[in-house]
Structure formats: structure tokens, C-alpha cells
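Below is one structure, written out as C-alpha cells, with a few remarks after it.
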Amino acid sequence: MESVYLLVPISVLLVFGIAAAFWWSVKSGQFDDLEGPAFKVLMDDDEAAQGKVAEQEKKKDDKKDEI
């Protein structure tokens, strides 16, 4: 019975702490866009990367032509 006097206040403090953390996360916008980051993973960035590689190769070729 004595342990209940210790565990009940600790559990109440824990509940308030979790509620405060959840409230902060909602107010700071952590749950605004749940699907956007998942779609960003699926987006194909190969075209942009290939364009950069092509530009770098063109710059190298231009430097070789100057020499």
C-alpha cells in the first residue's frame, strides 16, 4: 500500500509530461503534413542528377578545348 503513495503521483506527473509534449508537437506543426515526406522518397531525382553530370562533363570538355 505504501508503494501506491509513490507510484500514483509519479504516474500523474508522467501523464502531464506526455500531454505537454504532445501539445507542443501539435502546436509546432509536427503533424501538419504526414504524407508529403513519404512522397518525397518516391520522387525520382535521376533526371536532375543526370543534368548535373552532363553539365560537369560539358565544363570539363570546355576546359580541355581551351588547353
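The values are calculated or read from the model by the stated rules, or taken from the named source; none is laboratory data. Fair warning: this is a prediction, and the values are worked out from it, not measured in the lab. FYI the Cβ positions are ideal-geometry reconstructions off the backbone, even for glycines, and counts take in every protein chain you see.
Only residues that are at pLDDT 60 or above and either in a helix (DSSP H, G or I) or surrounded by 10 or more Cβ atoms within 10 Å (Cβ to Cβ) (or both) were counted across the stretch 40-50, and they come to 4. Looking only at residues of the stretch 22-35 that are small (G, A, S) and loosely packed, with under 10 Cβ neighbours inside 10 Å, we find that the one that is modelled with the highest pLDDT is S28.
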